[in-house]
Amino acid sequence: MRKEIIFTGFGGQGIILMGVIIARMMEHFPDLQVTQAQSYGPASRGGACRTDVVISDQQINYPKSSRPDVMIFMSEEARKRLLSEADPEKTLVIYDNTLIKEIPTAYKKTFAVPATGEAEKEFKNRMVANIYMLGATIELINPGSFDVLKKIVASSVPKKFEELNIKALEAGYEYYRTHKPAESPAASR
Amino acid sequence: MKKGRIKVMLGNEACVEAALLAGCRFYGGYPITPATEILEIMSRRLPLVDGLCLQMEDEIAALVAVVGASWGGTKAMTATSGPGFCLMQEAIGLAVAVEAPCVIVNVQRGGPASGQSTSTAQGDFYQARYGSNGDYSLIVLCPSTAQEMFDHTIKAFNLSERFRIPVIILSDEVVGHIREKVFIPDADQLTFVERKVPTVPMEEFVIFKPEENGVPLMPTFNTGYKSPVISQAKSLNGNRGNAKEAVENIRRIVSKIEDHMDEFAEVQVYGDEKAETAFVTFGSVCRAARSAVDMGKEKGLAIRSVEVKTVWPFPDHLVRRALAGAKRIVVAEMNLGMLQREIERVIRQPEIKIELFSKIGGIYPQPQEFLRFLEEKR
């Protein structure tokens, strides 16, 4: 099993943190290996920004994504730049439909999550859109690990925002439960 | 099975973790992308173990401070990248000449000059070996994973103390900034080497007189032993004057390492050891080559991947053995052909052309590209 996930958006959304959280979660799964690499430099401070996470039950050699199973888009700019890395048939394309209008119909597997909209509406703080998105997608990334995710999120955010982030995470998870895409979890190789 | 714990950490973080475990208590540095995390984490961690982390005015001073700390009896290190590594070359020569054990990490980025600060590269391959002036030798280790960043750091400290030399860890941006699981053994599961200090009466002590293994005993400053430590060519007693002894000393600082390469030289082979097609790599590129070997296997292609873990002194006979029987040799590296030149020197078979699969500009090669190279250049 090798699963490649790409998180992408613009600098400041906490895209890299999403990858770091998933990577750190794997400390709780002794049989799984993980690598997390990130786009580094000016891109992570405003421009299009990405992090690649690879999860495998084998030793991971090539540490980046070359055939992503899941791509999570959190900005229009990122969609324009990176959608071409998705396989129209195989890659599950998840997108924040507050910020991205649509994904071309050529892409067969998609899941829209209004992360930024919900973060603004429910929590009056778009800073938690990334955590909402993690809640909405964890079952598609690493099924059955929501509790571990909760623990890692709690220890990854500033103490005074912990409660807010956990609420956003739970709201995202609830969104997944009520809106999950027909075919799930994502196919893995 | 060793006892220890597993933690997801950055390659640069793993380096710090290992250094502290190995007993490093002094860090002299200057921040530079993509090595800065090492200084940052050291500045938080060293004070907690009664160590000292000093940010100096530049990389020249940083390494000179490390040499001083080393003579003060402390295990010491620094970390930098290309432009800082350039500034350190003078002090690398100093560390070699005064035989100060220390560890220098170079997390490579694109060059020349300021180059590409956030991109990966392997262009400092020769600089790590030949950057300073005169005849000398040192040891250069090349990690390709966060785990190897950890393991090689322990090894680097041990070798530096064993041989009394600067040991260079030639990493790169991909390895420094990868996050993955690292196994951290408990301290009692590891072996740590300490420099040998003199115990003879002070008047009998001759500072640069070697022991049988070519390495002199090292007193700590301010312990009473006469310790003239100068950067010039010197006699056994540490002063200038005896030309014959000075020449012998230069030969010795080279042979003390190169006569004992079997203690540390390491070359690994991944894949089919008998395959006629071979990749040769070092550092982070090893990982992409391994994936290419696996993908090739799925397609029925037999490939071996030869990974040079200790690039200097270059392990000629280990590389020759690892490549024995190979008919097609492709060197893959993120520069315009440096390891390639060493392989050409080592494999002198006119019927075998040493091919180069090269990536520069911060592009980390994809496994598919290795296979495409094999197909297209046939």
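The values are calculated or read from the model by the stated rules, or taken from the named source; none is laboratory data. Everything quoted here is computed from the prediction, not taken from an experiment. Cβ sites come from the backbone with ideal geometry, for glycine too, and all protein chains shown count toward neighbours.
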**OP:** Pick out the one residue from B:265, B:302, B:288 that is within 14 Å of another protein chain (Cβ to nearest Cβ) and under 30 Å from residue B:149 (Cα atoms).
**Re:** B:288
Original post:
residue B:118 versus (1) surrounded by fewer than 24 Cβ atoms within 10 Å (Cβ to Cβ); (2) at pLDDT 95 or above: which is the lone unmet condition?
Top reply: (2)
Original post:
Give me the pairs: first residue in region B:170-188 and among the aromatic types (Phe, Trp, Tyr), second residue not in a loop (DSSP other than H, G, I, E, B), beta-carbon distance under 6 Å, and six or more apart or on different chains, which are they?
Top reply: B:183/B:4; B:183/B:6
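The rows are residues; the columns are (1) assigned to a helix (DSSP H, G or I); (2) in contact (Cβ under 8 Å) with a residue 24 or more places away in the chain.
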| residue | (1), (2) |
| --- | --- |
| B:246 | yes, no |
| B:251 | yes, no |
| B:268 | no, yes |
| B:274 | no, yes |
| B:278 | no, yes |
| B:295 | yes, yes |
| B:318 | yes, yes |
| B:348 | no, no |
**OP:** Determine whether region B:158-167 contains at least one residue that is within 12 Å of chain A (Cβ to nearest Cβ) and assigned to a helix (DSSP H, G or I).
**Re:** no
Original post:
Of the residues in region B:320-346, how many are under 22 Å from the mean Cα position of the chain (by Cα), under 30 Å from residue A:68 (Cβ atoms) and not in a loop (DSSP other than H, G, I, E, B)?
Top reply: 3
Original post:
How many of the residues in region A:26-40 are of a type in the set (Gly, Ala, Ser) and at the interface with chain B (Cβ under 7 Å from one of its Cβ atoms)?
Top reply: 1
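Would you mind finding the one in B:301, B:339, B:356 that is more than 30 Å from residue B:113 (Cα to Cα) and either outside the structural domain of residue B:281 (by TED's automatic domain parsing) or out of contact with any His (no Cβ under 8 Å at 6 or more places or on another chain) (or both)? Give the steps one after another, and end with the answer.
Numbers: B:339 fails: more than 30 Å from residue B:113 (Cα to Cα); B:356 fails: more than 30 Å from residue B:113 (Cα to Cα).
None of the other options fit; the residue is B:301.
Can you name every one of the helices (runs of 4 or more DSSP H) wholly within region A:32-143 that holds 1 or more residues which are among the polar types (S, T, N, Q) and at pLDDT 95 or above?
Those helices (runs of 4 or more DSSP H) span A:115-123, A:129-141.
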Original post:
Could you list, in sequence order, the residues of region B:205-235 that are farther than 16 Å from residue B:100 by Cα and either hydrophobic (A, V, I, L, M, F, W, C) or not in a loop (DSSP other than H, G, I, E, B) (or both)?
Top reply: B:205, B:206
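Can you find a residue that is out of contact with any Leu (no Cβ under 6 Å at 6 or more places or on another chain), in a helix (DSSP H, G or I) and either under 13 Å from residue B:166 (Cα atoms) or not hydroxyl-bearing (Ser, Thr, Tyr) (or both) anywhere in region B:101-112? So that I can check it myself, show each step before the final result.
Just the residues of region B:101-112 that are out of contact with any Leu (no Cβ under 6 Å at 6 or more places or on another chain), to begin with: B:101-105, B:107-112.
With in a helix (DSSP H, G or I) added as a condition, the list becomes none.
Checked region B:101-112: no residue is out of contact with any Leu (no Cβ under 6 Å at 6 or more places or on another chain), in a helix (DSSP H, G or I) and either under 13 Å from residue B:166 (Cα atoms) or not hydroxyl-bearing (Ser, Thr, Tyr) (or both).
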Original post:
For region B:350-378, which residues satisfy the criterion of being within 14 Å of chain A (Cβ to nearest Cβ) and not in a loop (DSSP other than H, G, I, E, B)?
Top reply: B:367, B:368, B:369, B:370, B:371, B:372
Subject >> Meets criteria (over 16 Å from residue B:284 (Cα atoms) and either more than 14 Å from every other protein chain (Cβ to nearest Cβ) or not aromatic (Phe, Trp, Tyr) (or both)) for residue B:322 >> reply: yes
Original post:
Among the residues of region A:153-173 satisfying the criterion of being surrounded by 14 or more Cβ atoms within 10 Å (Cβ to Cβ) and not hydrophobic (A, V, I, L, M, F, W, C), which is farthest from residue A:140 (Cα to Cα)?
Top reply: A:162
